[in-house]
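The structure appears right after this line, and notes come after that.
The values are calculated or read from the model by the stated rules, or taken from the named source; none is laboratory data. Here the structure is a predicted model, which is why all the values come from computation and not from measurement. Please note: Cβ atoms are built from the backbone with ideal geometry, for glycine as well, and neighbour counts cover all protein chains shown. For the accessible areas, the whole protein counts, side chains as well, though only heavy atoms, and no ligand, DNA or RNA atoms are used. Shrake-Rupley method; radii C 1.70, N 1.55, O 1.52, S 1.80 Å.
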Amino acid sequence: MRKQSRIIAWLTALIIFGMVLIGPIAYFLISYNYMLGVLETEADIDSVLITQMINANPEFWEFEHERLNELLARRLTEYPESRHVFNKQNTVVAEYVDTLKPPVIRRSRYVWDSAMVVGSVEISRSLIPLIKKSGFLAAASLTAGLALFTILYKLPIRTIQRAEEELKKAYDELERRVSERTAGLNKANEGLKDEIAARKKSEERIHFLAYYDSVTGLPNRTFLQELLNRAIAYAQRHKTTGALLYFDLDNFKRINDTFGHAAGDRLLQVAAERITNVLRKTDTIARSTDGDDIVSRMGGDEYVVLLQNVNKLIDIDRVANRILKEISYPFDLQGHEVVMSASMGICVFPSGGENAEDLLKNADAAMYHAKKQGKNNYQFYSEALNAKAIEILNLERDLRRAIEQEEILLYYQPKLDASSRKVVGMEALVRWKHKEKGMISPAEFIPLAEETGLIVPLGERVLFVACLQANAWRTTGFENAHISVNLSVRQFDHKNLVDVIEQTLRTTGLPPQNLELEITESSVMRKPEEAIAVLQKLKTLGIKISIDDFGTGYSSLSYLRRLPIDSLKIDRSFIMHATTNPADAAIVRGIIALAHSLKLKVIAEGVETEEQFEFLRSVDCDEVQGYLFSKPLPADQFSKQFVEKPSFGEPIQSESQYI
């Protein structure tokens, strides 16, 4: 029995020693695999970060030693390791070195720039710390096994059995802990992989937002400029011709105002699809080996088409006409059929510009020329257009200075009672006396002020000077100092319009009933409900309201009867031919009858002949103004002729002109 017990004890001890050694071996293998995974993950991360540096600075990344060393110096573990960055020639660019004792494991990854290998990153780590830990664990296990063998050698069978049970429990616990540790390592490894995947996805999104439009998915302005510079260089190198088509959607703002920005974005997307399809179907445009023709969105409602390697100018005409035709087809927005048009400027390169900035600027100038030609057409850039654009820029600069330095003048044209020919008021008309060019027509600078937004400060200046002058005449005893001032569309849409007018009246001292504001039909009918609310506030102040150029817009009679207005002003285009054209005469009669039925006063402007005046009197027009009675006059001349001695003299005969 004793002999059998000892045999069992020896066998048990051998088994125990074998099982005890499994732990250190398993620990070493698991830790070794984990270390490999960590090195691969860190090499991937370093490769991604260095690739980002290359994208930011592809020419000089190798010389950014400080940033590279800072990148390599980051440590995730306590193990000694070395990191190296090599360039394409396998020369060390940057390194972070610890003293490593063999054996050493290494992992490396390539560094890329636009699908080309430009270098590599290598991470090395010594296995000595892991071997020491594994050796320590093995020594401890062997010591424990030796002690256990000594005990079992001297214990009886039942003691051996109990020891076997305890050993089994210990083994199970060790196995459980190894499993938990393995699961933890696997989870950490998966977390690192997820982090890398998320970072790559984020980088892709950042790249998309940096180079593509988020609404249409087309290349944006930044990407287009890169492509355009390449196309210009290609055309110069290979002696080929290309073209830049720069266009926007006419009156796109009304889509956002009417249907909302979501519908506006949808229209932009459909327009982009149509333009792209035009290029796909255009077989007459030769494709360059450097790339296909490009469609880009510049922002807002502006698009650019880049045509490369064009054989004939007629090919550009065909593409331009197809694009304009595609845009002219109706769009379906929220169940409504909307018809759009586009204005396009075309600049041929390399003759039209040596770089992207010049080419875009010249094509933009041609586009605005197309708008001035009536929209829904295209115009080619020329040097004359550039000169005109510079002239407009200079004019805008001078106009801004003229407003700031109070160089804007006001002229005044009297308004007469049609039955008595007595002065009942005057209209303030803006004039600009340029220091070098002399008098500039309002037909030239008013549209420029509207386009640039200068019309708001210009209008406020006109209102202030007109009210100040009218009050000055009123205080001298001129009882008919009723001044009319025109409001532009932008002024009428301005949020603080009522506050500005109220402050102007308070500052100048002019009573509100002496001020009449003239507003065009189109200003009111763009947003009729909002316009009615603003007009009611103005009427509450005691100001009179007149609808200017009546008959040329698209007033709704249902809104007209709701408008809090005092008078209608018949447009001069109807007065001009009222005595020679029965249709115009009928329109004038109809407007006067309509106004009187609504208890509104009627004013006729542009009266230039006695025949026109007599006709207006015969159809009961209330007030008249025009060159027949007086041209617009500066304040001092107006005072001498109508304030100090109110007589008219002989009627003035003249050609019709812009007032």
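When the residues of the stretch 506-515 are narrowed to those that are surrounded by fewer than 20 Cβ atoms within 10 Å (Cβ to Cβ) and touching a residue at least 12 places away in the same chain (Cβ under 8 Å), which ends up farthest from VAL424 (Cα to Cα)?
Taking the stretch 506-515 and keeping what is surrounded by fewer than 20 Cβ atoms within 10 Å (Cβ to Cβ), we get 506-509, 511-513.
Next, from what is left, pick out any that are touching a residue at least 12 places away in the same chain (Cβ under 8 Å): 507-509, 511-513.
Values: THR507: 24, THR508: 21, GLY509: 20, PRO511: 16, PRO512: 16, GLN513: 13 Å.
Only one residue tops the list, namely THR507.
State yes or no: is VAL465 surrounded by fewer than 21 Cβ atoms within 10 Å (Cβ to Cβ), among the aliphatic types (A, V, I, L, M) and under 27 Å from LEU395 (Cα atoms)? Criteria met by VAL465. Here the condition is being open to solvent by 40 Å² or more (accessible area, probe 1.4 Å), modelled with pLDDT under 95, under 20 Å from ILE547 (Cα atoms) and not aromatic (Phe, Trp, Tyr); of GLU444, GLU450, it holds for GLU450 alone.
Looking for whichever is of a type outside the set (Phe, Trp, Tyr), surrounded by 13 or more Cβ atoms within 10 Å (Cβ to Cβ) and either within 30 Å of ASN55 (Cβ to Cβ) or at pLDDT 85 or above (or both) here; the options are GLU95, GLU164. Which one fits?
Exactly one of GLU95, GLU164 is of a type outside the set (Phe, Trp, Tyr), surrounded by 13 or more Cβ atoms within 10 Å (Cβ to Cβ) and either within 30 Å of ASN55 (Cβ to Cβ) or at pLDDT 85 or above (or both), namely GLU95.
The criterion of at least 2 residues that are surrounded by 23 or more Cβ atoms within 10 Å (Cβ to Cβ) is met, among strands (runs of 3 or more DSSP E) falling completely within the stretch 299-371, by 302-307, 342-349.
As a summary of the residue check, THR222 satisfies the conditions (1) closer than 23 Å to SER343 by Cα; (2) open to solvent by less than 80 Å² (accessible area, probe 1.4 Å); (3) at pLDDT 85 or above; (4) of a type outside the set (A, V, I, L, M, F, W, C) except for the one numbered (3).
Restricting LEU228, LEU245, LEU249 to residues that are under 16 Å from the mean Cα position of the chain (by Cα) and among the aliphatic types (A, V, I, L, M) narrows the list to LEU249. Taken over the stretch 95-127, the criterion of being among the hydrophobic types (A, V, I, L, M, F, W, C) and within 15 Å of GLU42 (Cβ to Cβ) is satisfied by ILE105, VAL111, VAL121, ILE123.
With respect to the stated conditions, ILE16 is open to solvent by less than 30 Å² (accessible area, probe 1.4 Å), modelled with pLDDT under 70, hydrophobic (A, V, I, L, M, F, W, C) and at negative phi.
Can you tell me which residues in the stretch 493-505 are out of contact with any Cys (no Cβ under 8 Å at 6 or more places or on another chain) and open to solvent by 10 Å² or more (accessible area, probe 1.4 Å)? Within the stretch 493-505, ASP493, HIS494, LYS495, ASN496, LEU497, VAL498, ASP499, VAL500, GLU502, GLN503 qualify.
For the stretch 416-426, what are the residues that are open to solvent by less than 10 Å² (accessible area, probe 1.4 Å) and in a strand (DSSP E or B)?
First, pick out the residues of the stretch 416-426 that are open to solvent by less than 10 Å² (accessible area, probe 1.4 Å): 416, 418, 425-426.
Passing the criteria: LEU416, GLY425, MET426.
Filtered by the rule that a residue be part of a loop (DSSP other than H, G, I, E, B) and either in contact with a helix residue (DSSP H, G or I) (Cβ under 6 Å, 6 or more places away or on another chain) or in contact (Cβ under 8 Å) with a residue 60 or more places away in the chain (or both), the stretch 478-493 gives PHE478, ALA481, HIS482, SER488.
Could you tell me which residue of the stretch 565-576 is surrounded by the fewest Cβ atoms within 10 Å (Cβ to Cβ), considering only residues that are in a loop (DSSP other than H, G, I, E, B) and modelled with pLDDT of 90 or more? Here the answer is ASP566.
Looking across THR77, THR150, THR41, one residue alone is modelled with pLDDT of 75 or more and of a type in the set (Ser, Thr, Tyr). It is THR41. A Cβ distance below 6 Å, combined with a sequence gap of six or more or placement on separate chains, defines the contacts here; from the stretch 528-550, residues that are within 12 Å of LEU517 (Cβ to Cβ) reach residues that are small (Gly, Ala, Ser) in the pairs SER546/SER567.
The criterion of being among the β-branched types (Val, Ile, Thr), over 27 Å from ASP358 (Cβ atoms), buried (at least 19 other Cβ atoms within 10 Å of the Cβ) and modelled with pLDDT of 80 or more holds for ILE255.
Kindly evaluate ARG266 against the criterion of being open to solvent by 40 Å² or more (accessible area, probe 1.4 Å) and either modelled with pLDDT under 80 or under 24 Å from the mean Cα position of the chain (by Cα) (or both). Against the criterion (open to solvent by 40 Å² or more (accessible area, probe 1.4 Å) and either modelled with pLDDT under 80 or under 24 Å from the mean Cα position of the chain (by Cα) (or both)), ARG266 qualifies. The single condition from (1) modelled with pLDDT of 80 or more; (2) farther than 30 Å from ASN69 by Cα; (3) among the hydroxyl-bearing types (Ser, Thr, Tyr) that SER124 fails is (2).
For the subset of the stretch 427-441 comprising residues that are of a type in the set (Lys, Arg) and in a strand (DSSP E or B), which member is least open to solvent (accessible area, probe 1.4 Å)? Full working, then the answer.
Step one: of the stretch 427-441, the residues of a type in the set (Lys, Arg) are 431, 433, 435, 437.
Applying the additional criterion that residues be in a strand (DSSP E or B) yields 431, 433.
On the way: ARG431: 25, LYS433: 122 Å².
Checking each candidate, the answer is ARG431.
Every condition in (1) under 14 Å from GLY459 (Cα atoms); (2) surrounded by 20 or more Cβ atoms within 10 Å (Cβ to Cβ) holds for ILE483 except the one numbered (1).
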